[in-house]
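For reference, the structure I am asking about is given below.
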Amino acid sequence: MTESTTKNTEHESSVVRKHSNTWRVVDIVVAAIIAVASGVIFWGWDIVCAAPLAIFGAVTPGFEGLLNAFWLFAGPLAAIIVRKPGAALFAETLAAALELTMGNQWGVGGSLIVGIMQGIGAEIGFALFAYKGWNMLSTAVSGALAGVGCGLYYWVMNPAWGVLRSSIYLGTSVISGALLAGVVMCLLQRAIAKTGVLDRFESGRVQTLV
Amino acid sequence: MGVSVQARDWGWRHASRKDFALRHVSFDIEPGERVLLLGASGAGKSTLMAGLAGVLGGDDDGEQEGHLLIGGAEARTARGISGLMLQDPDAQTILERVGDDAAFGCENLGLPKDEIWQRARESLDMVGLDYMRFDHSTRKLSGGQRQRLALAGVLAMHPGLLLLDEPTANLDPEGVKEVHDAVKRVVERTGETLIVVEHHIDVWLDTVDRVIVLGKPDGDSLVGGVIADGAPSKVFGAMGDVLAAGGAWVPGRTITHCPPAGQPGETVLHADDLSFGRGFPLGEHVNIEFHAGEVTALTGRNGVGKSTLALTLAGLLKPLAGHVRMAEHLVPAHRANDVGTWKSRDLLGRVGMVFQEPEHQFVTSSVRDEIAVGPKSMGKSDEEAYRIADEMLERVNLKRFGPANPFTLSGGEKRRLSVASMLAAAPKVLVMDEPTFGQDFTTWTEMVRLIADVRDAGSAVIMVTHDEALIEALDARRIIVSEEEQHD
Amino acid sequence: MTERITVVPHAERLDVSRPASPSWFIARINPVSRFIGALLLCIPMFFTLDIMSASVAFGLEMVLLWIGGIAPWTVLRKTWPVWIAATGSFVSVALYGKASGDVLVDLGGFVVISQGSLYLAAATFLRVAAIAVPGVMLALGLDPTDLADGLVQILHLPSKFVYGGLAGLRMFTLLQDDWRMLGQARRSRGLGDGNAIRRVISQAFNLLVVSIRRGTKLATAMEARGFGSELPRSQARESRLHAVDWGFYLICAAVPAIALITAYCTGYWHWAFSGVSN
Ligand SMILES: Nc1ncnc2c1ncn2[C@@H]1O[C@H](COP(=O)(O)OP(=O)(O)OP(=O)(O)O)[C@@H](O)[C@H]1O
Ligand SMILES: Nc1ncnc2c1ncn2[C@@H]1O[C@H](COP(=O)(O)OP(=O)(O)OP(=O)(O)O)[C@@H](O)[C@H]1O
Ligand SMILES: [Mg+2]
Ligand SMILES: [Mg+2]
């Protein structure tokens with residue numbers, strides 16, 4: 001009996017496990033940690049970008065949306081790592097709240113409210129796949145929809161903008177969201193999984209056993 | 001009140017491992033019994049403790065065999081009945097303030113507010129943190145203080161099953177006594193069931209009424225599994241030799257003595273009017289010298305500042321004033337003789353540091369790479385670096401974990417890896433913070449030999465330690481770090 | 001004779017605790033109120049885009065903060081990113097905002113600076129300041145543990161998520177320490193030199209990995225103390241709303257109300273979304 005079980009587990013775990021959608025404590029904590037790390041980057045980007053964004057926004061009609069991805073990635077990244085419904089919204093909101101508490105130029109509206117809208121966008125991305133697709137495509141869709149959330153917010157917020165400018169802004173947000181918040185985050189998740197720290201998660205399980 | 005514990009042919013395989021950490025474990029523990037759990041480093045003690053506390057996780061985390069029952073219910077569903085103090089003190093500080101952290105467990109049990117605070121204060125006093133204010137930041141704690149805090153948090157819960165995983169590994173001798181007394185008092189008063197894991201058996205002999213020994217981890221037939229179970233006198237009497245061979249610190253063992261061959265050589269490192277501390281000077285105007293071929297032990301109470309001093313000596317923490325200097329001929333070309341200002345590459349091969357928390361030191365994702373990093377950065381070829389790595393792994397008994405992730409090792413295995421990876425760079429000065437905690441007798445003896453080898457090869461070894469046996473085995477020079485007499 | 005190194009006794013070690021806010025008043029109100037207050041202050045301001053409401057609100061806020069114990073120059077110093085951003089939005093709206101009135105500069109119909117767009121730019125500048133400054137000042141020094149207590153006890157959010165999130169949030173206070181520690185580890189392993197940018201990126205990745213690692217262990221430690229079980233959780237720290245919180249809400253509601261009414265009555269009101277003046 002010992003023989004056969006050892007054989008079974010020789011190289012890769014042969015037990016096929018069902019995906020569970022209930023949150024464990026570790027899911028919450030890790031999603032929060034990703035939110036924290038992202039929040040710090042959001043905030044750093046607030047500062048780094050204050051000048052470029054202004055210049056970009058000033059000399060091009062709406063292309064500064066391309067810079068938005070750095071505020072969009074928390075949701076898709078957390079979701080692709082912990083793989084639970086709500087992870088994207090949770091992480092993006094928390095990250096935005098943290099960005100806000102650290103103090104930035106946008107206050108509650110431009111950090112928290114927009115964060116929630118981005119989070120909802122990112123969440124819809126995974127919901128479209130019924131929380132079953134956890135791959136590059138779903139992450140990219142999620143990132144793109146986070147970009148939509150962001151673009152919509154600024155559209156509403158900037159009544160002074162013309163239609164052309166708003167549309168370009170929306171479009172560029174979506175593109176940058178899909179690329180950086182989607183594709184790049186999916187790659188990042190794979191790199192993290194390689195280090196082995198995700199061994200308590202489904203996302204970190206595809207490894208040869210030691 | 002205590003609860004009963006039953007293991008029925010229980011086993012666990014971590015998700016990233018192909019072998020079971022332990023298997024076919026069976027025992028029955030009565031309510032109120034006090035059990036000492038023994039076994040070599042890597043035998044699966046911590047895994048069993050986590051299983052009993054119901055925190056091993058579910059199918060995502062590994063594969064379970066058989067049953068673990070706490071008071072008749074599956075351990076996984078019995079969370080809150082048991083309180084576990086984990087082996088790694090660093091990962092257990094949960095909240096930002098000391099008082100809140102000690103109160104956390106009680107909150108989870110749904111106790112009334114006044115009782116929570118009363119228990120929190122009581123348990124902090126019991127573990128020797130009576131000088132600590134409730135609003136002290138948990139960020140600014142030394143390794144030993146963290147361990148005490150974690151213990152306080154668990155003791156305050158008065159769980160039916162008290163699980164302590166090496167509760168005294170980082171404590172000073174006085175702290176060991178304090179913790180022992182505190183635990184003893186608590187279990188005698190409340191009748192809680194106690195399971196404690198500790199390599200140094202002597203501490204708990206007068207408290208426990210039963211010893212359970214887990215088998216050696218390698219050697220297939222013995223994977224996990226209980227190899228001895230019974231009253232201490234019976235187990236040690238009947239099985240003394242087997243246990244000794246298996247690496248247990250059986251009472252009354254003679255330790256290997258490795259005195260230095262000759263007199264200490266030249267001074268290789270010295271502190272020159274040094275002030276050290278983190279933002280605020282702990283010690284000032286320190287002048288000490290460390291010699292080639294000599295082992296120096298820094299001892300002193302928890303939280304006095306040994307680790308801070310060690311980091312400063314290793315050139316990793318900027319001195320607040322003064323300098324740490326090396327012998328002139330060891331100073332790299334075009335650099336001032338001040339270790340703190342050197343480049344990282346200059347430190348390599350000159351000064352090495354083994355951190356108190358092994359995990360703080362890991363920079364790669366495999367055990368083998370971890371050791372090879374040093375030799376590689378020193379310009380050795382990959383082949384040569386891995387040859388050194390394999391040799392080292394063999395000596396510290398980690399060979400089978402070569403491709404494993406350093407973070408997934410057991411507590412004692414991590415410690416050995418962190419020491420081995422620093423030794424591989426063969427520094428002229430080796431600073432080690434608690435190099436031997438969490439080791440069983442066999443691995444401990446091997447560590448002593450390793451340190452002796454480094455010393456005899458002409459390096460200066462500085463070790464922060466609470467391990468008296470280690471100091472004696474190496475005939476180390478002793479420096480006591482102590483608080484000034486308080487003037488009023 | 002054994003050698004000895006003496007250090008400062010524990011009782012004499014410096015241990016400064018951080019105040020909950022630079023303002024004595026804000027420090028006394030519940031952390032949850034701080035968030036609600038910030039929302040109250042900012043949301044009504046979105047309805048109009050004009051110079052009057054923004055400057056009245058901003059002026060009132062500065063005066064109130066001063067009364068609350070933070071001098072205007074301290075406010076300006078602590079909110080410096082706001083001013084960069086406000087300038088940015090000024091330029092952006094000036095160049096691309098809806099044109100009206102006299103056209104001052106016209107670069108091929110793409111960039112049109114008009115009197116109207118300059119006016120909107122100035123209004124946007126002031127509004128960004130009026131919205132962001134109090135938000136930043138209210139958030140300064142906020143204690144996450146107290147906030148979590150408030151979220152559970154006042155807003156009745158599920159405690160598993162709040163405290164799980166809090167444990168993750170605590171990594172934030174540890175980031176600096178962890179960063180330093182990683183730096184030390186890499187330095188002692190000979191990996192501390194070389195291209196600064198590459199080093200920072202690889203250390204940042206390491207930091208993320210270490211934090212996740214820490215988080216998984218922290219989750220275990222929390223569960224080991226009974227967290228996440230079926231038992232109802234009690235609260236060791238009480239978080240309640242006091243009279244001072246209600247007073248604070250009143251102030252937070254009054255500021256935009258006064259600002260908007262002033263704008264309406266003086267004829268400056270300018271519907272933000274439809275662009276219609278009253
Ligand atoms: N999270 C994990 N993932 C994979 N393997 C693990 C994990 N934790 C422990 N192991 C492995 O399981 C085995 C048992 O580890 P455990 O920590 O239970 O040992 P231990 O008896 O407590 O040893 P020590 O005395 O050194 O602490 C070891 O071989 C270890 O490498
Ligand atoms: N990261 C830190 N930041 C600020 N203060 C710290 C930090 N780590 C420790 N301290 C404080 O510095 C003092 C010395 O700590 P240190 O870690 O050097 O003690 P130690 O002698 O090594 O104790 P132990 O035997 O418990 O490891 C302690 O009072 C501690 O509270
Ligand atoms: Mg262990
Ligand atoms: Mg220490």
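The values are calculated or read from the model by the stated rules, or taken from the named source; none is laboratory data. Keep in mind that what you see is a predicted model, and the values were worked out from it rather than measured. Positions of Cβ are generated from backbone atoms using ideal geometry, with glycine treated the same way; all protein chains shown enter the neighbour counts. In case anyone asks, the SASA skips ligands and DNA or RNA and just uses the protein heavy atoms, side chains included. Shrake-Rupley method; radii C 1.70, N 1.55, O 1.52, S 1.80 Å.
Please verify whether B:ARG13 is within 15 Å of ligand 1 (Cβ to nearest atom), outside the structural domain of B:ARG400 (by TED's automatic domain parsing), open to solvent by less than 10 Å² (accessible area, probe 1.4 Å) and modelled with pLDDT under 90, treating the condition exactly as stated.
So B:ARG13 passes the test.
Just wondering, is there one or more residues in segment C:189-207 that are among the aromatic types (Phe, Trp, Tyr) and assigned by the TED database to the domain that holds C:GLY68?
no
If you take the residues in segment C:190-205 that are surrounded by fewer than 21 Cβ atoms within 10 Å (Cβ to Cβ) and at the interface with chain B (Cβ under 9 Å from one of its Cβ atoms), which one is nearest to C:LEU175 (Cα to Cα)?
Looking at residues that are surrounded by fewer than 21 Cβ atoms within 10 Å (Cβ to Cβ) and at the interface with chain B (Cβ under 9 Å from one of its Cβ atoms), I get C:ASP193.
Which of (1) modelled with pLDDT of 80 or more; (2) away from chain B (no Cβ under 14 Å); (3) not in a helix (DSSP H, G or I) does C:ARG4 not meet, given it meets every other one?
That leaves (2) as the condition not met.
With the checklist (1) more than 10 Å from every other protein chain (Cβ to nearest Cβ); (2) open to solvent by less than 10 Å² (accessible area, probe 1.4 Å); (3) modelled with pLDDT of 85 or more in hand, flag the one item C:LEU157 doesn't pass.
Condition not satisfied by C:LEU157: (2).
Any idea which of B:LEU409, B:LEU450 is within 14 Å of chain A (Cβ to nearest Cβ) and under 20 Å from the mean Cα position of the chain (by Cα)?
Unique residue meeting the criteria: B:LEU409.
Filter segment B:69-102 for residues that are assigned to a helix (DSSP H, G or I) and at pLDDT 85 or above and give the result.
B:ALA75, B:GLN92, B:VAL98, B:GLY99, B:ASP100, B:ASP101, B:ALA102
Here's something else I'd like to know. Residues being of a type in the set (Val, Ile, Thr), closer than 25 Å to A:THR22 by Cα and more than 11 Å from every other protein chain (Cβ to nearest Cβ): count how many of those fall in segment B:10-69.
Result for segment B:10-69: 1.
Right, another one. From B:THR465, B:THR445, which residue is surrounded by 16 or more Cβ atoms within 10 Å (Cβ to Cβ) and within 16 Å of ligand 4 (Cβ to nearest atom)?
B:THR465
While we're here: Is it the case, given these coordinates, that B:ASP114 is within 11 Å of chain C (Cβ to nearest Cβ) and within 16 Å of ligand 3 (Cβ to nearest atom)?
Taking the combined requirement at face value, the residue does not satisfy it.
Picking from C:VAL209, C:VAL244, which residue would you name as being open to solvent by 30 Å² or more (accessible area, probe 1.4 Å) and either within 12 Å of chain B (Cβ to nearest Cβ) or not acidic (Asp, Glu) (or both)?
C:VAL244
If you check B:ASP433 against the conditions, is it within 16 Å of ligand 4 (Cβ to nearest atom), of a type in the set (Asp, Glu) and at pLDDT 90 or above?
Considered against the rule, which asks whether it is within 16 Å of ligand 4 (Cβ to nearest atom), of a type in the set (Asp, Glu) and at pLDDT 90 or above, B:ASP433 comes out as yes.
Please specify each residue of segment B:86-141 satisfying the condition of being over 25 Å from C:MET181 (Cα atoms), of a type in the set (Ser, Thr, Tyr) and open to solvent by less than 10 Å² (accessible area, probe 1.4 Å).
Passing the criteria: only B:SER123.
I've got another one for you. Which of the following residues is open to solvent by 20 Å² or more (accessible area, probe 1.4 Å), within 12 Å of chain C (Cβ to nearest Cβ) and not hydroxyl-bearing (Ser, Thr, Tyr): A:ILE192, A:ILE120, A:ILE113, A:ILE124?
None of the other options fit; the residue is A:ILE113.
Any residue at all in segment C:270-278 that is assigned by the TED database to the domain that holds C:ILE26 and either open to solvent by 70 Å² or more (accessible area, probe 1.4 Å) or on the phi > 0 side of the Ramachandran plot (or both)?
Scanning segment C:270-278, I find no residue that is assigned by the TED database to the domain that holds C:ILE26 and either open to solvent by 70 Å² or more (accessible area, probe 1.4 Å) or on the phi > 0 side of the Ramachandran plot (or both), so the answer is no.
Among (1) in a helix (DSSP H, G or I); (2) within 20 Å of the chain's Cα centre (by Cα), there is one condition B:GLY51 misses while meeting the rest; what is its number?
Condition not satisfied by B:GLY51: (2).
Need a quick list: helices (runs of 4 or more DSSP H) entirely within segment C:45-150 having at least 1 residues that are under 18 Å from A:ASN158 (Cα atoms), out of contact with any Pro (no Cβ under 9 Å at 6 or more places or on another chain) and open to solvent by 10 Å² or more (accessible area, probe 1.4 Å).
Ranges flagged: C:51-67, C:80-96, C:115-139.
Let me ask something additional. Just checking, which of C:PHE90, C:PHE172 is facing another protein chain (nearest Cβ under 9 Å), within 19 Å of A:TRP43 (Cβ to Cβ) and not charged (D, E, K, R)?
Sole residue among the options that is facing another protein chain (nearest Cβ under 9 Å), within 19 Å of A:TRP43 (Cβ to Cβ) and not charged (D, E, K, R): C:PHE172.
Moving to a separate point now. Would you confirm whether any residue within segment B:377-400 is within 16 Å of ligand 3 (Cβ to nearest atom), within 14 Å of chain A (Cβ to nearest Cβ), not in a strand (DSSP E or B) and not β-branched (Val, Ile, Thr)?
yes
Give just the number: which of (1) away from chain C (no Cβ under 14 Å); (2) buried (at least 22 other Cβ atoms within 10 Å of the Cβ) does A:TRP161 not satisfy?
All conditions pass for A:TRP161, except number (1).
Filter segment B:458-488 down to residues that are in a loop (DSSP other than H, G, I, E, B) and within 14 Å of chain C (Cβ to nearest Cβ) and give me whichever is farthest from B:GLY352 (Cα to Cα).
Only one residue tops the list, namely B:ASP488.
Yes/no per residue for (1) within 16 Å of ligand 3 (Cβ to nearest atom); (2) open to solvent by less than 20 Å² (accessible area, probe 1.4 Å); (3) in contact with a Cys (Cβ under 9 Å, 6 or more places away or on another chain); (4) not in a strand (DSSP E or B):
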{"residue": "B:PRO264", "(1), (2), (3), (4)": "no, no, no, yes"}
{"residue": "B:ASP272", "(1), (2), (3), (4)": "no, no, no, no"}
{"residue": "B:PHE276", "(1), (2), (3), (4)": "no, yes, no, no"}
{"residue": "B:HIS285", "(1), (2), (3), (4)": "no, no, no, no"}
{"residue": "B:GLU289", "(1), (2), (3), (4)": "no, no, no, no"}
{"residue": "B:LEU298", "(1), (2), (3), (4)": "no, yes, no, no"}
{"residue": "B:ARG301", "(1), (2), (3), (4)": "no, no, no, yes"}
{"residue": "B:ALA310", "(1), (2), (3), (4)": "no, yes, no, yes"}
{"residue": "B:GLY315", "(1), (2), (3), (4)": "no, yes, no, yes"}
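One line per residue, one yes/no per condition, for (1) aromatic (Phe, Trp, Tyr); (2) outside any strand (DSSP E or B):
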residue	(1), (2)
B:VAL3	no, yes
B:ARG13	no, no
B:PHE20	yes, yes
B:PHE27	yes, no
B:LEU36	no, no
B:SER41	no, yes
B:THR47	no, yes
